[in-house]
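Inspection log for the structure reproduced underneath, given as structure tokens.
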Amino acid sequence: MTLAPAIVDLEQLKEHPAIVRLRGWNPNAVEGAKFDRDEMSIYIERSAIREACALLRDDPGCPFNYLSDVTCVDWYPSEPRFEVIYHLLSIPKKERVRLKVRLDNDSPALESVTSVWPSANYFEREVFDLFGIRFSGHPYLRRIQMPENWEGHPLRKDYPVEGYR
Amino acid sequence: MILNMGPQHPSTHGVLRVLLEIDGETVVRIMPDIGYLHTGIEKICEAKFYQQVVPLTDRIDYLCPMTNNLCYALAVEKLLGLEIPPKAQWLRVLMNELTRINSHLVWLGTHAMDIGALTVFLYCFREREDILRLFEAVSGQRMMTSYFRIGGVALEPPLGFFDRVREFANRFPSKVDEYENLLTGNPIWTMRTKGVARITAEDAIALGASGPTLRGSGVDFDLRRDMPYSGYENFKFKVPVAQEGDVFARYVCRVQELRESIAMVQQALDGMPEGAIKADAPKVVLPDREKMKTQMEALIYHFKIITEGFAVPAGEVYQAVESPRGEMGYYVVSDGTAKPYRVHMRAACLANLQLLPKMCEGRLIADVVAAIGSIDIVLGEIDR
């Protein structure tokens, strides 16, 4: 089993076109980057996410015009607790990139990217439903999988697998 | 008037609830309501070992169970850095394409039945019966086979299996001709499907469509050809693309895919290599039963894998495959232990379902049924 070691140093990865573009727009937007198992992950600063997505979607060199997925990982009890993850795909260039935003437990809220890709609608509703992260600017932020009157966010790590009922 | 196309409905292909606001026969607003099949599979995966998650993956998109297996197995193998032997890869492609034919047969049968062509349903299920018998021969199970495991496939195919697949593959193209005879030139079919539920390429990409739903609108993108995995780079196949973006275009794409898939099955049979069906990784892959009964090390490995699982190095992987419905992806996060920290399934149909308002608003109620059928939804995938 041979795995190349992951590259986590932003300095070594700063030549990647997406990082170059993001840093060219706003150097503080990129908090870090990781290249592991042939996949590029970029840590984006929380307030910059919607603009960063719009920038990557409209990039003439490698337009990430397709949003594959929006999901979340709960790292309870470490802080920052939540990590919202965006998987982008460029259909013309056949490239993938992963954007990650770290959020604290106190007020896990983020700007919605439905204005950039309308497909984020159901994905963000699911993240809200199962993790409790609020997306500002979402056209219809309601529970999607769980019943409307459900209390609690089931996929959080402090919610038991058996549930409460 | 607000009409509830309730979760129990013969034409919604599962427990999908659609709220229709209609004015006469015209749909003013349409809103899908999902969650009736939500079983918390993603949460359950966090409490199981990596190999115990494999049977759960079968049941997510229950019409193409082996494709789910494949996606999860590829993701975990990427995390582990495992090399899969060529015979296992070709077997995986063979079974995956048979699964694609299986899924498209269900789609064709139920879609035609919703629109009114009841004969096609029984014809499709007659072919499906043959494929299910093949699956039963190779794994013991008709549908939820769990045949692909982490490190390869579960069992060697039985003697005579490839001859049976060859016999089916020789017979099948004439059956596809039968279905096309019934539908493609049929004026009732064309009147109900041409120009109905049209969607442009820009809207389809922006709303996250993938698979035949996207290719029916003219976007030439197929993960098997453009970002190949599991040996697909060795196969020659055409990717059918249609331009109009209506129900008929998606129908044409999928029927063409039936033909391409059976050609790929023939290619897989012709080129099947010899060799092992599991990777050489004793800590991850269960040993042969005979070895387990005679050798001490094999017995110990077997015991350790079953009771303690195998630790996967920390990291995360997003692996996407081309399922019959579109881009199915598995995002697996590992924290270094034997249980996955997070498994997320990217359901192709969840994104495809978002096309429904764009397709149906302003059209007649009867077209809603055609549109839902043409997107080919499976609620198991949407709700998990």
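The values are calculated or read from the model by the stated rules, or taken from the named source; none is laboratory data. For clarity, every value in this text was computed on a predicted model and none was experimentally measured. No Cβ is skipped: glycine too gets one built from the backbone with ideal geometry, and neighbour counts run over all protein chains shown.
Being among the charged types (D, E, K, R) and within 30 Å of A:A4 (Cα to Cα) narrows it down to one residue among B:R100, B:R29, B:R59, B:R92; which is it? Give the steps one after another, and end with the answer.
Values: B:R100 fails: within 30 Å of A:A4 (Cα to Cα); B:R29 fails: within 30 Å of A:A4 (Cα to Cα); B:R59 fails: within 30 Å of A:A4 (Cα to Cα).
Within the list B:R100, B:R29, B:R59, B:R92, the selection yields B:R92.
Screening B:L118 on (1) crowded, with 20+ Cβ neighbours inside 10 Å; (2) at pLDDT below 90 shows it passes everything except condition (1). Can you spot a residue in region B:12-25 that is among the basic types (K, R), more than 26 Å from the chain's Cα centre (by Cα) and within 14 Å of chain A (Cβ to nearest Cβ)? Checked against the condition, which is being among the basic types (K, R), more than 26 Å from the chain's Cα centre (by Cα) and within 14 Å of chain A (Cβ to nearest Cβ), region B:12-25 yields no hits at all. Considering B:R142, B:R128, the condition of being among the charged types (D, E, K, R), assigned to a loop (DSSP other than H, G, I, E, B) and either over 25 Å from B:L56 (Cα atoms) or within 17 Å of the chain's Cα centre (by Cα) (or both) is satisfied by B:R142 alone. Taking the conditions (1) outside any strand (DSSP E or B); (2) within 20 Å of A:E126 (Cβ to Cβ) in turn, A:R102 satisfies each one other than (1).
The single condition from (1) more than 21 Å from B:G211 (Cβ to Cβ); (2) within 14 Å of chain A (Cβ to nearest Cβ) that B:Q89 fails is (2).
Does region B:40-61 include one or more residues that are closer than 16 Å to B:K278 by Cα and either of a type in the set (A, V, I, L, M, F, W, C) or over 22 Å from the mean Cα position of the chain (by Cα) (or both)? The answer is yes, given that some residue of region B:40-61 is closer than 16 Å to B:K278 by Cα and either of a type in the set (A, V, I, L, M, F, W, C) or over 22 Å from the mean Cα position of the chain (by Cα) (or both).
Using the structure shown, decide if B:R29 is in a helix (DSSP H, G or I) and of a type in the set (D, E, K, R). Considered against the rule, which asks whether it is in a helix (DSSP H, G or I) and of a type in the set (D, E, K, R), B:R29 comes out as no. If you go through region A:43-97 and keep only what is basic (K, R) and under 21 Å from A:V8 (Cβ atoms), you end up with A:R46, A:R81, A:R96.
Can you find a residue that is within 19 Å of B:Y341 (Cα to Cα), among the charged types (D, E, K, R), touching a residue at least 12 places away in the same chain (Cβ under 8 Å) and assigned to a loop (DSSP other than H, G, I, E, B) anywhere in region A:142-156? Break it down into steps so the answer makes sense when it comes.
Here is the first cut: in region A:142-156, the ones within 19 Å of B:Y341 (Cα to Cα) are A:153-156.
Of the ones still in play, those that are also among the charged types (D, E, K, R) are A:156.
In the following step, the residues that additionally are touching a residue at least 12 places away in the same chain (Cβ under 8 Å) were identified as A:156.
If we keep only those that are assigned to a loop (DSSP other than H, G, I, E, B) too, we end up with A:156.
Scanning region A:142-156 turns up at least one residue that is within 19 Å of B:Y341 (Cα to Cα), among the charged types (D, E, K, R), touching a residue at least 12 places away in the same chain (Cβ under 8 Å) and assigned to a loop (DSSP other than H, G, I, E, B).
You will find that of A:I91, A:I85, the residue that is in contact with a helix residue (DSSP H, G or I) (Cβ under 7 Å, 6 or more places away or on another chain) and within 12 Å of chain B (Cβ to nearest Cβ) is A:I91 and no other.
Quick one: which residue in B:G208, B:G195 is in contact (Cβ under 8 Å) with a residue 24 or more places away in the chain, within 20 Å of B:L353 (Cα to Cα) and buried (at least 20 other Cβ atoms within 10 Å of the Cβ)?
B:G208
Only a single item in (1) more than 10 Å from every other protein chain (Cβ to nearest Cβ); (2) among the aromatic types (F, W, Y); (3) closer than 22 Å to A:R50 by Cβ is not met by A:Y122, and it is number (1).
Out of B:K78, B:K87, report the one residue that is assigned to a helix (DSSP H, G or I), modelled with pLDDT of 90 or more and touching a Gly at 6+ places or on another chain (Cβ under 7 Å).
Numbers: B:K78 fails: touching a Gly at 6+ places or on another chain (Cβ under 7 Å).
Criteria check complete, one pass: B:K87.
Of the residues in region B:172-188, at least one is touching a residue at least 12 places away in the same chain (Cβ under 8 Å) and among the hydroxyl-bearing types (S, T, Y). If only residues of region B:176-192 that are closer than 18 Å to B:V106 by Cβ and of a type outside the set (F, W, Y) are counted, the one that is surrounded by the most Cβ atoms within 10 Å (Cβ to Cβ) is B:L183. Can you work out which of the residues in region A:62-73 that are of a type outside the set (A, V, I, L, M) and more than 8 Å from every other protein chain (Cβ to nearest Cβ) is nearest to A:H16 (Cα to Cα)? The selected residue is A:C62. Of everything in region B:53-68 that is farther than 20 Å from B:D376 by Cα and touching a residue at least 24 places away in the same chain (Cβ under 8 Å), the residue that is farthest from the other protein chains (Cβ to nearest Cβ) is B:V54. Can you find a residue that is under 16 Å from the mean Cα position of the chain (by Cα), touching a residue at least 12 places away in the same chain (Cβ under 8 Å), within 13 Å of chain B (Cβ to nearest Cβ) and within 27 Å of B:K339 (Cβ to Cβ) anywhere in region A:130-139? The answer is yes; a qualifying residue exists. Taken over region A:1-21, residues that are within 11 Å of chain B (Cβ to nearest Cβ) and touching a helix residue (DSSP H, G or I) at 6+ places or on another chain (Cβ under 9 Å) amount to 2. So for region B:280-299 (the condition being in contact with an Asp or Glu (Cβ under 6 Å, 6 or more places away or on another chain) and within 12 Å of chain A (Cβ to nearest Cβ)), does at least one residue qualify? Within region B:280-299, not a single residue is in contact with an Asp or Glu (Cβ under 6 Å, 6 or more places away or on another chain) and within 12 Å of chain A (Cβ to nearest Cβ).
Applying the criterion of being assigned to a loop (DSSP other than H, G, I, E, B) and among the β-branched types (V, I, T) to the residues of region B:310-355, the residue that is nearest to the other protein chains (Cβ to nearest Cβ) is B:V312. In region B:361-381, the condition of being of a type in the set (V, I, T), outside any helix (DSSP H, G or I), more than 9 Å from chain A (Cβ to nearest Cβ) and farther than 28 Å from B:F310 by Cβ is met by at least one residue.
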